[in-house]
Amino acid sequence: MELDMGTMAASIGVSVPVLRFLLCFVATIPVSFSWRLVPGRLAKHVYSAFSGALLSYLSFGFSSNLHFLVPMVLGYAAMVLYRPKCGVITFFLGFGYLIGCHVYYMSGDAWKEGGIDATGALMVLTLKVISCAINYNDGLLKEEGLREAQKKNRLIKLPSLIEYFGYCLCCGSHFAGPVYEMKDYLDWTEGKGIWAHSDKRSPSPYGATFRALVQASICMAFYLYLVPYHPLTRFTEPIYQEWGLWRKLSYQYMSGFTARWKYYFIWSISEASIIISGLGFSGWTESSPPKPKWDRAKNVDILGVELAKSSVVLPLVWNIQVSTWLRHYVYERLITKGRKPGFFQLLATQTVSAVWHVSHFTLLKKFYDVHNTCHPFSFWYKTNL
């Protein structure tokens, strides 16, 4: 089996650990589909938690589940022991542990050497744990003065442990997102809200899932075709230093263009997984007849990214759910009632985004400088408040 894995990995130019992760990641699709066949709410929560933990073990090893357990336990303990400040406590403890794992494992080096670790999945899990704690904190507040997102997502009752674990690890959705809310997970599992049985026929996920799988196949084909011509390793080779300015610039553009297809593939697979489970359903269109929408699973708009006329629109089309999380749980939370947002809110949001994204902390300052100069959060947040 190891020989077969080695041959398969070599044929697509990745290491065996990365191939093992990709296989488990693609397996989230049938695992998510099987969730629909599990009877009963409790059994669904158990299946969500167990399948997510099993896929994590197969992808990253036993230690990954121990790492995931730390922020999950810290977040739940904060909700149980000190609800009035559980959101803030979980925010700093969760990010503190994530930073510690980034520094300890130096994820950038692991990927560069052909390996893989669980910090990428831990990044997604951290956001989910934090949002759950903040929404439970919001459950203490009166609806007057709350933003629409707070009213929609706040939790009045403490989720049970099995509900919480099912939400965090649901069918491997923590591998690459998208980030979703505990309230939506509970409504989906219990058949409430937009998932409640009504006179309308139940939305079929199969057409949207097929579209996402076709998109994933095209993205992978593009990536495999382009990457031999534009590898990122070329930047460290002597020949790159011999090129003129325009050739360097054109290569930088093409290598970035090539690398993006890898992310498009990953997000397309995660989209297919969330859609086929039913969680990706986000309501009905107002057309006649109404058609189901699957926006909850969408993390990228490929044409929107590639044809973007300005960086201002990028948060609307790239890593969509994380951009939304930053808006709801950082930017909007720092706005003083009755006052307009300013530089402080923008700076704090960009800092959190930079810390969350960077896997090699020797690059943090450089990333932050670029992030602070170029990131279009300011315009996007102000026009969407």
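Kindly evaluate LEU37 against the criterion of being in the same structural domain as THR119 (by TED's automatic domain parsing) and either among the polar types (S, T, N, Q) or within 30 Å of VAL227 (Cα to Cα) (or both). No; evaluated as a whole, the condition is false for this residue. From the list ALA308, ALA208, the lone residue that is touching a helix residue (DSSP H, G or I) at 6+ places or on another chain (Cβ under 9 Å) and modelled with pLDDT of 90 or more is ALA208. Is there a residue being surrounded by fewer than 19 Cβ atoms within 10 Å (Cβ to Cβ), closer than 18 Å to PRO84 by Cβ, modelled with pLDDT of 90 or more and in the same structural domain as PRO30 (by TED's automatic domain parsing) anywhere in segment 114-132? The answer is no, given that none of the residues of segment 114-132 is surrounded by fewer than 19 Cβ atoms within 10 Å (Cβ to Cβ), closer than 18 Å to PRO84 by Cβ, modelled with pLDDT of 90 or more and in the same structural domain as PRO30 (by TED's automatic domain parsing).
Of the residues contained in segment 40-49, one or more are found to be touching a residue at least 24 places away in the same chain (Cβ under 8 Å), in a helix (DSSP H, G or I), touching an Asp or Glu at 6+ places or on another chain (Cβ under 8 Å) and of a type in the set (D, E, K, R).
Determine if segment 267-274 includes at least one residue that is farther than 22 Å from VAL129 by Cα, in contact (Cβ under 8 Å) with a residue 24 or more places away in the chain and hydroxyl-bearing (Ser, Thr, Tyr). Yes - at least one qualifying residue is present in segment 267-274.
Report yes if TYR57 is assigned to a helix (DSSP H, G or I) and modelled with pLDDT of 95 or more, otherwise no. No; evaluated as a whole, the condition is false for this residue. Applying the criterion of at least 3 residues that are over 20 Å from PRO30 (Cβ atoms) and over 26 Å from the mean Cα position of the chain (by Cα) to the helices (runs of 4 or more DSSP H) found wholly in segment 188-287 leaves 238-242, 245-277.
Tally the residues that are touching a Pro at 6+ places or on another chain (Cβ under 9 Å) and in a helix (DSSP H, G or I), restricting the search to segment 129-160.
Step one: filter segment 129-160 for residues touching a Pro at 6+ places or on another chain (Cβ under 9 Å), giving 129-130, 132, 136-137, 140.
If we keep only those that are in a helix (DSSP H, G or I) too, we end up with 129-130, 132, 136-137.
Total meeting the criteria: 5.
The values are calculated or read from the model by the stated rules, or taken from the named source; none is laboratory data. Bear in mind the structure is a predicted one, so any value in this text is a computation, not a measurement. All Cβ positions, glycine included, derive from the backbone under ideal geometry; neighbour counts span all protein chains shown.
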